[in-house]
Protein chains: 2
Amino acid sequence: MSLLVVGSVAFDSIETPFGARREVVGGAATYFALAASYFSDVGVVGAVGEDFGPEHMSVLQRRNIDLSGLERLEGPTFRWSGRYSYDLNSRETLDTQLGVFEGFHPRIPEKYREPEFLFLGNIDPDLQHAVLSQVKRPRLVGCDTMNFWIEGKPEALKRTLSLVDVLVINDSEARELAKEPNLVKAAARIRGMGPKTLIVKRGEFGAAAFGATSPFAVPALLLDSVQDPTGAGDSFAGGMMGYLGANASSTIGDGLMRRAIAMGSVMASFTVQSFGVEGLLDLTPGQIEQRYAELKALSHLEAD
Amino acid sequence: MSLLVVGSVAFDSIETPFGARREVVGGAATYFALAASYFSDVGVVGAVGEDFGPEHMSVLQRRNIDLSGLERLEGPTFRWSGRYSYDLNSRETLDTQLGVFEGFHPRIPEKYREPEFLFLGNIDPDLQHAVLSQVKRPRLVGCDTMNFWIEGKPEALKRTLSLVDVLVINDSEARELAKEPNLVKAAARIRGMGPKTLIVKRGEFGAAAFGATSPFAVPALLLDSVQDPTGAGDSFAGGMMGYLGANASSTIGDGLMRRAIAMGSVMASFTVQSFGVEGLLDLTPGQIEQRYAELKALSHLEAD
């Protein structure tokens, strides 16, 4: 397995000013895996309930995502519902039902134990650590987290971070994790905790990356229609990690990392143009290449 | 005169988490002219009061800014005071005293009547129009405005905008002016009002430009110390227009416009690193070139 992701598979109910969907297949690992599937072989480790039927599995199977690490447990699947503001820049969580995710303890199937690339979705840092302890050290470990764990489990999170190569979080999370309002200083502090690279997600403004060489800022594509931002950050991480997986023969240098981050921005752009995962189901290589070219043109700064 | 700016010259009182200044020379035209002075000959049209002494004039004169269009009127100089939030992303205006600016009616001195480049700072759109009617059509007219005029004088603003080439406003202003939350659609609508180019200022995230060719997004530099954002947008506009003025022999094509916008971002970065205009007073060409190179490296997306 070239790329393994551990995280939530869920039913989402979403309201935006442009429409609504009830109980559609979502969850961070779903968005991540779908975005990554255009570049790499992907396996998912997670848990769903008895209500997660073949029609739901097929959303992931259609993209040839390996689901042998997706456990089916007794009880209901994790459910999330939320509503977005007029300009889509803020959202309110209406309800969260952990369901089978409450007692989830990741077990890595035998065939997954040597992933080249591993992404630890936003779950309890103790569980992230349990995953790391079950696999042979991957070539690159990516990780997401959130304020809930930064505040609630700081020591466990630090233990996990010490084993992570690339941390992908948003700007308020970076500031809180580092206890530092200045992003450049926050990045230096976080890189001192373990991750060689910090990628800061900035929503409609793209992303910024801090690594060993000079920092990198990529814009988000300027889209004339945005329907639903759900899963944009997870699609970003999936596009980025999937692209790294597809270029695994190269050294992971500054140039490759920049292209991977740009590909993350590209995949997030497809996600937000439709509801739920709809925008990630039927893309062609040509559509992805074209949008990558648009992103490159968007940030291009050279002579006439 | 290659570049003329019309706008406010003021005394600012500023509080940020990093310090405070009382009654220092500020105002949009001041920041604009100082930033532009590193590239072009600049003249300022505005008004100050009897309390604006030689020591205040010298702030602008040290950078060889022509002040023959700066009228001295009876009464006090325009005063603004404000306080910034912990992360500098929002500010509260504590007090505004228009002073001599209340009765200000711009009169363009004879020697300024054929500016190659003209920037209409954020003042009453009727006054912006009065300036345009006093000069021979410049090669390029830039313009700023704000929600106060968008809401209060929409018809006068539209008359001015029909004569403007480049409009420089922030994202909430663009959305309000176009009555459209999507920025791409808002830009198309605003370009239909006159400006061939809309530049959207995005604070710590840089700027986006919409013109005849593909859009352009430039990040803001990632700085490890930001002291005071006052005047960042005006310095951006000054750097951009000054750079265009310095390259007036070239056609103003997409490549030149992108470099000018990037230079705007560079000049804004110097402003925010110090209080008030302090960061714009003593720059060397080498410092500006180096920061431009840093900005280019920040957004560079190419092969290894």
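Working only within segment B:15-41, note down all residues that are small (G, A, S) and part of a helix (DSSP H, G or I).
If the condition is that a residue be small (G, A, S) and part of a helix (DSSP H, G or I), then B:A28, B:A29, B:A33, B:A35, B:A36 are the ones that fit.
Please go through segment A:221-258 and pick out each residue that is surrounded by 21 or more Cβ atoms within 10 Å (Cβ to Cβ) and of a type in the set (D, E, K, R).
Within segment A:221-258, A:D228, A:D234, A:R258 meet the criteria.
When A:R175 is evaluated against the numbered criteria (1) of a type outside the set (G, A, S); (2) free of Cβ contacts under 8 Å to residues at least 24 places away in the same chain; (3) out of contact with any helix residue (DSSP H, G or I) (no Cβ under 6 Å at 6 or more places or on another chain), which criterion, by number, is the only one it fails?
(3)
In segment A:2-60, what residues are at positive phi, touching a strand residue (DSSP E or B) at 6+ places or on another chain (Cβ under 6 Å) and surrounded by fewer than 24 Cβ atoms within 10 Å (Cβ to Cβ)?
A:E23 - this is the single residue of segment A:2-60 that is at positive phi, touching a strand residue (DSSP E or B) at 6+ places or on another chain (Cβ under 6 Å) and surrounded by fewer than 24 Cβ atoms within 10 Å (Cβ to Cβ).
Mind checking which residues of segment B:192-211 are more than 9 Å from chain A (Cβ to nearest Cβ), surrounded by fewer than 23 Cβ atoms within 10 Å (Cβ to Cβ) and within 26 Å of B:S225 (Cβ to Cβ)?
The one that is more than 9 Å from chain A (Cβ to nearest Cβ), surrounded by fewer than 23 Cβ atoms within 10 Å (Cβ to Cβ) and within 26 Å of B:S225 (Cβ to Cβ): B:G203.
Which condition number in (1) of a type in the set (D, E, K, R); (2) under 15 Å from B:G231 (Cα atoms); (3) not in a strand (DSSP E or B) is the one that B:D12 fails?
All conditions are met except number (3).
Residue check: is B:F275 outside any helix (DSSP H, G or I), at pLDDT 95 or above and not basic (K, R)?
It is true that B:F275 is outside any helix (DSSP H, G or I), at pLDDT 95 or above and not basic (K, R).
How many residues, within segment B:221-270, are more than 20 Å from A:F205 (Cβ to Cβ) and among the β-branched types (V, I, T)?
3
So, of the residues in segment B:222-240 that are within 15 Å of B:I288 (Cβ to Cβ) and in contact with a strand residue (DSSP E or B) (Cβ under 9 Å, 6 or more places away or on another chain), which turns out to be nearest to the other protein chains (Cβ to nearest Cβ)?
Of everything passing the filter in segment B:222-240, B:M240 is nearest to the other protein chains (Cβ to nearest Cβ).
Quick one: in segment A:280-300, which of the residues that are part of a loop (DSSP other than H, G, I, E, B) and among the hydrophobic types (A, V, I, L, M, F, W, C) is farthest from the other protein chains (Cβ to nearest Cβ)? Full working, then the answer.
Filtering segment A:280-300 for residues part of a loop (DSSP other than H, G, I, E, B) gives A:281-284, A:300.
Adding the requirement that they be among the hydrophobic types (A, V, I, L, M, F, W, C) leaves A:281, A:283.
Numbers: A:L281: 24, A:L283: 21 Å.
So the residue we want is A:L281.
Given the criteria of a type in the set (A, V, I, L, M, F, W, C) and outside any strand (DSSP E or B), does B:L94 qualify?
No, not satisfied.
Would you confirm whether any residue within segment B:86-103 is in contact with an Asp or Glu (Cβ under 9 Å, 6 or more places away or on another chain) and under 17 Å from B:A33 (Cβ atoms)?
The answer is no; no qualifying residue exists.
The values are calculated or read from the model by the stated rules, or taken from the named source; none is laboratory data. Keep in mind it's a predicted model, so treat the numbers as computed, not measured. We place every Cβ from the backbone using ideal geometry, glycine too, and count neighbours over all the protein chains shown.
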